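The values are calculated or read from the model by the stated rules, or taken from the named source; none is laboratory data. Please read all numbers here as calculations on a predicted model, not as lab measurements. Glycine also receives a Cβ, built like all others from the backbone with ideal geometry; neighbour counts cover every protein chain displayed.
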Amino acid sequence: MKMLLQVRQAAMLPWYAAQLFTGTKSFEQNPVIASRRMNQWGLHAARVRHAYRLALARRRKLTRMIPADDREAFDRDGFVLRPGFLPPQQFAALLDEIRAYRGPLRETAEGDTVIRKIALIGPVLARLPTLDAVLRSVAWRGLIRYVGGRNTEPMVWVQSILRHARPGPSDPQAALHADTFHPTVKAWLFLTDVAEDAGPFTYVPGSHRLTAARLAWEQRMSLLARDSANTETRQGSFRIDPADLPALGLPPPRAFAVPANTLIVADTFGFHARGPSAGASLRVEIWAYGRRIPFLPLAALLPWTTAALGWRSVVWWKIGDLREAAGGRKNPWRQRTGGSAFDPAAAETPSPGRGSPTGHNKDMRDLDQMPPEPRGEPAPALSSQTQV
Ligand SMILES: [Fe+2]
């Protein structure tokens, strides 16, 4: 059996090697990425360094997309914070729309947290015209494109985070981490107030920069990741102990207790987490992420619309349903109909996938619970990303 496994791995070697040039990050699923010898020679550190340099070059091409003060804030902190992002009337209209919307949605679990998503396909956006206008606005697009270093649309959902909503282990995204080995963007336009003890987004200011100390930490982690006790670290989303931040020259994490209508756009190569929630809580947000192949120098390639990207979610979820119906593993994304982003946790909460101590299966780790990224800019095969 062991010999068969070795033969299979040898046959797959060219495929694993080719993945070095993509966003693939799993130390558990790719023996080349996980190779101790290669990482002693600096393989992981070289990927980190090269991807970072390219991301900075792509951002430089997009500097005119955002105001100078936002650019300075981002370059210093790794995030842009915009309280009162929308004019009050527009925000009120957006809130009314999302509150009134009932339709198909999906739910999954991360530990004791329930994640709910509404995919923004064309018919959904047609019922949410204010949201559609926000997603087309210069301010929204500019910030996400600059931080992401790509002049392309991100994937966007209406997302609800329900903390302590089901029995289960603690939320794996509550641990401080980097999503992946290269700069990448996520954005949150909060539709609800977020209290400091109700699971706020948390970020270590300045941790998006690849300093010599960070690179040395990446090198050390690359030698430990494959055998880490932490599932997400093995999957390439390295966790960091807050006690280790000072050694990297970094300050303590900052928790963003913010009012509704605050936008945060962050590079989640920086260390971040879903902050603790003292009790059950509901956070509703417009949530976006953009992650493409990190080794492409171009800032833009094929255009994808928000609606087309929304369909990718729907198709991906349907494939999971079909696989389950055919006797395959359970789709961790459970369909609900007629639900609202603001509904409390259902009595029947989604069950996590099998096989992981944190309760997600391997498709879900690091959220990556997401459909594959758009091709054209070719993308990692089943990328994941935490949704913190
Ligand atoms: Fe994350």
*Residue selected from segment 256-269 under the condition among the hydrophobic types (A, V, I, L, M, F, W, C) and within 15 Å of the ligand (Cβ to nearest atom), by the criterion farthest from E196 (Cα to Cα)*: F269
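Quick check: is even one residue across segment 306-313 in contact with a strand residue (DSSP E or B) (Cβ under 8 Å, 6 or more places away or on another chain), within 15 Å of the ligand (Cβ to nearest atom) and not in a loop (DSSP other than H, G, I, E, B)?
no
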_Taking the condition of being touching a strand residue (DSSP E or B) at 6+ places or on another chain (Cβ under 9 Å), of a type in the set (V, I, T) and more than 20 Å from F85 (Cα to Cα), how many residues in segment 187-212 meet it?_
1
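To keep it simple, each residue is scored yes or no on (1) surrounded by fewer than 21 Cβ atoms within 10 Å (Cβ to Cβ); (2) of a type outside the set (G, A, S); (3) closer than 30 Å to M221 by Cβ.
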{"site": "E97", "(1), (2), (3)": "yes, yes, no"}
{"site": "A100", "(1), (2), (3)": "yes, no, no"}
{"site": "R127", "(1), (2), (3)": "yes, yes, no"}
{"site": "D132", "(1), (2), (3)": "yes, yes, no"}
{"site": "G206", "(1), (2), (3)": "yes, no, yes"}
*Looking for whichever is more than 16 Å from the ligand (Cβ to nearest atom) and closer than 16 Å to F79 by Cβ here; the options are P252, P246. Which one fits?*
P252
*Please state which of the following conditions E232 fails to meet, knowing it meets all the rest: (1) at pLDDT 95 or above; (2) within 14 Å of the ligand (Cβ to nearest atom); (3) not aliphatic (A, V, I, L, M).*
(1)
*How many of the residues in segment 180-189 are away from the ligand (no atom under 13 Å from the Cβ) and not in a loop (DSSP other than H, G, I, E, B)?*
1
*Quick one: T192 ticks every box in (1) surrounded by 22 or more Cβ atoms within 10 Å (Cβ to Cβ); (2) assigned to a loop (DSSP other than H, G, I, E, B) bar one, so which box is it?*
(1)
*Check off (1) in a loop (DSSP other than H, G, I, E, B); (2) buried (at least 24 other Cβ atoms within 10 Å of the Cβ) for N151 and give me the number that stays unchecked.*
(2)
*Does segment 33-51 contain at least one residue that is among the β-branched types (V, I, T), more than 20 Å from the chain's Cα centre (by Cα), over 30 Å from L191 (Cα atoms) and crowded, with 20+ Cβ neighbours inside 10 Å?*
yes
_Going residue by residue through segment 348-363, is there one that turns out to be modelled with pLDDT under 90, buried (at least 16 other Cβ atoms within 10 Å of the Cβ) and within 16 Å of the ligand (Cβ to nearest atom)?_
yes
*Check T130 against each of (1) assigned to a helix (DSSP H, G or I); (2) of a type in the set (V, I, T); (3) within 22 Å of the chain's Cα centre (by Cα) and name the one condition it does not meet.*
(3)
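Being in contact (Cβ under 8 Å) with a residue 12 or more places away in the chain, buried (at least 21 other Cβ atoms within 10 Å of the Cβ), out of contact with any strand residue (DSSP E or B) (no Cβ under 9 Å at 6 or more places or on another chain) and not in a strand (DSSP E or B) is the requirement here; does R141 meet it?
Considered against the rule, which asks whether it is in contact (Cβ under 8 Å) with a residue 12 or more places away in the chain, buried (at least 21 other Cβ atoms within 10 Å of the Cβ), out of contact with any strand residue (DSSP E or B) (no Cβ under 9 Å at 6 or more places or on another chain) and not in a strand (DSSP E or B), R141 comes out as no.
So which residues in segment 81-114 are part of a loop (DSSP other than H, G, I, E, B), of a type in the set (G, A, S) and modelled with pLDDT of 95 or more, if there are any at all? So that I can check it myself, show each step before the final result.
Going through segment 81-114, the residues part of a loop (DSSP other than H, G, I, E, B) turn out to be 83-87, 101-102, 111-112.
Keeping just the survivors that are of a type in the set (G, A, S) gives 84, 111.
Hit for segment 81-114 is G84, nothing else.
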*Scan segment 271-292 residue by residue and report those that are away from the ligand (no atom under 16 Å from the Cβ), in contact with a Phe, Trp or Tyr (Cβ under 8 Å, 6 or more places away or on another chain) and over 15 Å from I144 (Cβ atoms).*
L282, V284
_Looking only at segment 154-179, filter to residues that are away from the ligand (no atom under 16 Å from the Cβ) and outside any strand (DSSP E or B); which one of those is nearest to D241 (Cα to Cα)?_
P169
